[in-house]
4 protein chains.
Amino acid sequence: MIVTSEEKQRLVSANRILARENVVDAFGHVSIRDPQNSGQYIMSRSRSPELVEFSDLMEFALDGEAVDSQGRVVYGERMIHGAIYEARPEINAVVHNHSLAVLPFSLTATALKPAIHVAAVIGEEIPVWDIREHFGETDMLVRTMEQARNMTAAMGASSCLLMRGHGAVIAAQNLKEAVMIAVYLQVNALVQTEAMKMGEPVFLSAKEIELLCETQFSPLAMDRVWEYFCARAGVDSV
Amino acid sequence: MIVTSEEKQRLVSANRILARENVVDAFGHVSIRDPQNSGQYIMSRSRSPELVEFSDLMEFALDGEAVDSQGRVVYGERMIHGAIYEARPEINAVVHNHSLAVLPFSLTATALKPAIHVAAVIGEEIPVWDIREHFGETDMLVRTMEQARNMTAAMGASSCLLMRGHGAVIAAQNLKEAVMIAVYLQVNALVQTEAMKMGEPVFLSAKEIELLCETQFSPLAMDRVWEYFCARAGVDSV
Amino acid sequence: MIVTSEEKQRLVSANRILARENVVDAFGHVSIRDPQNSGQYIMSRSRSPELVEFSDLMEFALDGEAVDSQGRVVYGERMIHGAIYEARPEINAVVHNHSLAVLPFSLTATALKPAIHVAAVIGEEIPVWDIREHFGETDMLVRTMEQARNMTAAMGASSCLLMRGHGAVIAAQNLKEAVMIAVYLQVNALVQTEAMKMGEPVFLSAKEIELLCETQFSPLAMDRVWEYFCARAGVDSV
Amino acid sequence: MIVTSEEKQRLVSANRILARENVVDAFGHVSIRDPQNSGQYIMSRSRSPELVEFSDLMEFALDGEAVDSQGRVVYGERMIHGAIYEARPEINAVVHNHSLAVLPFSLTATALKPAIHVAAVIGEEIPVWDIREHFGETDMLVRTMEQARNMTAAMGASSCLLMRGHGAVIAAQNLKEAVMIAVYLQVNALVQTEAMKMGEPVFLSAKEIELLCETQFSPLAMDRVWEYFCARAGVDSV
């Protein structure tokens, strides 16, 4: 029980951090797999991440059914989270966002790739998925498990996926890593965008990415980042 | 009476929100059609939106005459609002602004078009109107009903219009939608501007825009956006 | 006496406003001609504008000599102000700044020109002056009356001048106008910079600029702008 | 003792200033050579600069060994600092950061060069060092004295060095100068980036840089900058 409570408190913090770092705005959401029941995940009711409180957290089955909705309105795109937890047992946290710096890469043929060492965590390949390809013209929201499973298949084993004209999805082994990846996906996008205007940027090599993921996910880096994010967002560091 | 008071309180909030989101600065204004008298509209006396208070709100006839001015200074461009209410009975809220991200599209032949799903609400076509075309060289302000009617005709049934070297006009069925459109017009401009530097962006299709407008104007999206905007602007969510 | 005190209070406010709007940073300064002695001007001792207080204000003769220095350190480039007051009797306020948005126009052959209506106040022509042309390789600071007079001659009757690799000078009939011009010089630079990346911008015509200066310097616009600037900077609106 | 205490308080302030000016984020660090023992340097334990407090400061031998670690976690890249102090007796302060504005210049063949007068302090030549060249594919962190010495050799007598896909190193005669250089390296990067999009910028000449370094490091400029930085960061000006 105590573990879950701390994990849930951290999920509230993650919502605030992602808002503070402008990774999410009115829209976007973050979830964790229930640490005590791998067939369920925890996320807020439908609410902007900046405003999410402990009491907003709800439990969902992987198919998106609320365990006990109590009449609360739920996110229309929660299926994104369930389909990833269903397909990838190693994943325990998912972020969906519309970061302005990332969006241009979803609209053009230009690939978003890690160029700066702190952003190695975004991974070597970031697929772009277009809902139009399999589901025709829709309102572009991932509303069904069928759509979410198709998206998850396009994502493969990647940490990040871009959705054409819509946003990004980040999947990670734990919540802190998911937040770190979401933030540095945005940072890398900003730097790469400006670098491309100057010339052909040097990107990280596959080996550098591999070695850097170890470094960036180590306690030395993660503890420093998490304390920093929490302080900026005005939340307790748990 | 109570309805009107709440509507007016929301109009004050809209002023603050548009300032907080940098859609307006020292200049710009927002109005609503009087819910109890469709031949009148309500807007602030001449004051920067960030500073507008309840007691600044005034009533105007559609021709721009203040119902009871009490000697207050009024916005020089209020005719923009009256001409739209006069010509388009379905419109109940109007925003005029000089958003820096939007202005470049008013100065060049590059069309501003919805590329990201949350911005579908700006509509498929955004005309650009140049006061110089019909009225020659002026101080570019829309000062007369004749000018405002010409502008309104150029706007047609669109939600947004750009004014060359000047700014934008947004018209919507209600105030919350007008604010949402004004904010996402700016967001789309920012994303499109960067995407165009990378390559040819994919824009939303007509069908996607239609379906997304339904989604974005639904309570699920509107309630989340409005709560978020109000929290950021430090105003009560009404 | 009371007039002067209010004018000096407004000068303190102008310092804070220019800092709040990012027109000045650690460097930059603003002065007024002494309303009671046209052969003197008033400006702060050497201090960043964001920190200037009433007691920092000093009197200078037009040649840059402090009337009563009381041992205070003075701005190294105060000659900019004196030379303009000396040559242009209609000018009563001067701003010098290093606005980041304006600087690129001082480094390249691209002319900064008013494209948006609120920025008409910057004037049709903005000369670029390079101290190297007449004074060879220096530390680029305008340290002598000879340098400042050369700069003033290059400025002619313009409201604004760019200094290569250094910054801008703004001269106006009164302090509020000087602040407004300094802010909108920056705003126009930002918009023009982005517009040029999209295509060839339409600029304001000479006639539009003339008519807009009347409009923008009228009480309707000036009062609104000044109240807004003061509120944002947290200073009393005098 | 008192001298050291004041120097250490200033080091805390420098951490906060660099964070406030966005020169560092979660990562980055700043050190001083111990004023009482030139074979040691002082820097924080592993912590984001925004959060560094007096009690976080530690002493290190030039080879990176903590004098009295008390079990505290230390920065993985502290060798950067030691190797510079070892090779350059005139250097008494070092900053390492990942400034987003600077990073694009580390990724492309475009040289970062001083174009604006306040940034002359960054020096005429800014080498770019790629750890891959001598050490193959690594996690890109400067972890050993061998790597740090190689980097220091590439830096030569320069004030600044860029590290490919990683960040920047700044070395100066004292802490205030190091902070000033780090901030204006970023400012120059921002201005140069935009100027290059408009045309070929005019850069400062070698003579201008030399004369400007004298000016910018003089008390007139340094005192004004330091008071400003401290006020913005909310720290006492010592």
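Mean Kyte-Doolittle of at least 0.5 plus a Cα span of 24 Å or more along the axis: flag which DSSP H helices in chain D meet both, please.
Answer set is D:175-198.
Binned at 10 Å from 0, what are the whole-percent values of the Cα-Cα distance distribution for the range B:198-238, short to long?
Going from the shortest bin to the longest, the percentages are 26, 30, 27, 16, 1.
Calculate the spin-label point distance for C:Thr4 paired with C:Ala109, positioning each point 7 Å from the Cα along the beta-carbon direction, and give it in nanometres.
Each label point is offset 7 Å from its Cα along the Cβ direction, giving 5.1 nm.
Write down Rg/Rh for the range A:140-189, rounded to two decimals, with Rg from the C-alpha atoms and Rh from the Kirkwood relation over Cα pairs.
Answer for the range A:140-189: 0.98.
Measuring from the axis that superposes chain A on chain B, report the chain A residue with the minimal C-beta distance, rounded to whole Å.
Rotation axis A onto B, closest Cβ, rounded to whole Å: A:Lys197, 5.
Write down the Å³ per residue value for the convex hull defined by the alpha carbon atoms of the protein assembly as shown.
Output value, Cα hull per residue: 163 Å³.
Using heavy-atom solvent-accessible surface (probe 1.4 Å) with all chains present, what is the largest-first order of D:Met180, A:Met79?
Numbers: D:Met180 0, A:Met79 20 Å².
My answer, sorted largest first, is A:Met79, D:Met180.
Once the Cβ-Cβ distance between B:Glu90 and C:Ala157 is put in as r, and R0 is 35 Å, what FRET efficiency do you end up with, to the nearest 0.05?
Numbers: r = 51 Å, r/R0 = 1.46.
E(calc), rounded to 0.05, equals 0.10.
Taking 37 °C and 0.692 mPa s as the conditions, I'd like the Stokes-Einstein D for the range D:116-231 in µm²/s, using the Kirkwood hydrodynamic radius from alpha carbon pairs. If you can, show how the numbers build up before the last one.
Details: Rh = 15.6 Å.
Answer from the Stokes-Einstein relation: 211 µm²/s.
Just the number, please: Stokes-Einstein D of the range D:98-168 in µm²/s, Kirkwood Rh from C-alpha pairs, 25 °C, 0.890 mPa s.
D = 193 µm²/s.
Take peptide D:106-117, look around each residue's Cβ out to 10 angstrom, count Cβ atoms belonging to other protein chains, and average those counts.
For peptide D:106-117, the averaged partner shielding equals 6.
Just from the alpha-carbon atoms, what are the Rg and Dmax of the range B:57-113 in angstroms?
Calculated on Cα positions, Rg and Dmax stand at 14.8, 44 Å.
Kindly give Rg over Rh for the range D:160-200, based on alpha-carbon atoms, with the Kirkwood expression for the hydrodynamic radius.
On the way: Rg = 12.2 Å, Rh = 11.4 Å.
Reported Rg/Rh (Cα atoms, Kirkwood Rh): 1.07.
Ranked from the most accessible area to the least, with a 1.4 Å probe and all protein chains present, what is the order of D:Met196, A:Met155?
Most to least solvent-accessible, the answer reads D:Met196, A:Met155.
Which translational diffusion coefficient, to the nearest whole µm²/s, is obtained for chain B from the Stokes-Einstein equation, given a Kirkwood hydrodynamic radius over C-alpha pairs, 37 °C and 0.692 mPa s? Walk me through the intermediate numbers first.
Values: Rh = 17.9 Å.
Stokes-Einstein gives a translational diffusion coefficient of 184 µm²/s.
Based on the alpha-carbon gyration tensor of the range C:1-131, what equivalent-ellipsoid semi-axes (square roots of 5 times the eigenvalues) come out, in whole Å, largest first?
On the way: eigenvalues 137, 53, 47 Å².
So the three semi-axes of the range C:1-131 are 26, 16, 15 Å.
Using a Cα-Cα cut-off of under 30 Å, which lysines could be cross-linked to A:Lys113, ignoring same-chain neighbours fewer than 8 residues away?
Cross-link targets: A:Lys176, A:Lys197, A:Lys207, B:Lys113, B:Lys197, C:Lys197, D:Lys113, D:Lys197.
Under the convention of a label 7 Å out along Cα→Cβ, give the distances in nm from A:Ser69 to the same position in every other copy, shortest first.
5.5, 5.5, 7.7
So what's the range A:22-77 giving for Cα Rg divided by 2.2 N^0.38 Å, two decimals? Working shown, then result.
Numbers: Rg = 11.1 Å, N = 56, 2.2 N^0.38 = 10.2 Å.
That works out to 1.09 for the range A:22-77.
The values are calculated or read from the model by the stated rules, or taken from the named source; none is laboratory data. Given the structure is predicted, the values throughout are model-derived calculations rather than measurements. With ideal geometry, Cβ positions are generated from the backbone for all residues, glycine too; neighbour counts draw on all protein chains shown. All accessible areas refer to the heavy atoms of the entire protein, side chains included, with ligands and DNA or RNA removed. Shrake-Rupley method; radii C 1.70, N 1.55, O 1.52, S 1.80 Å.
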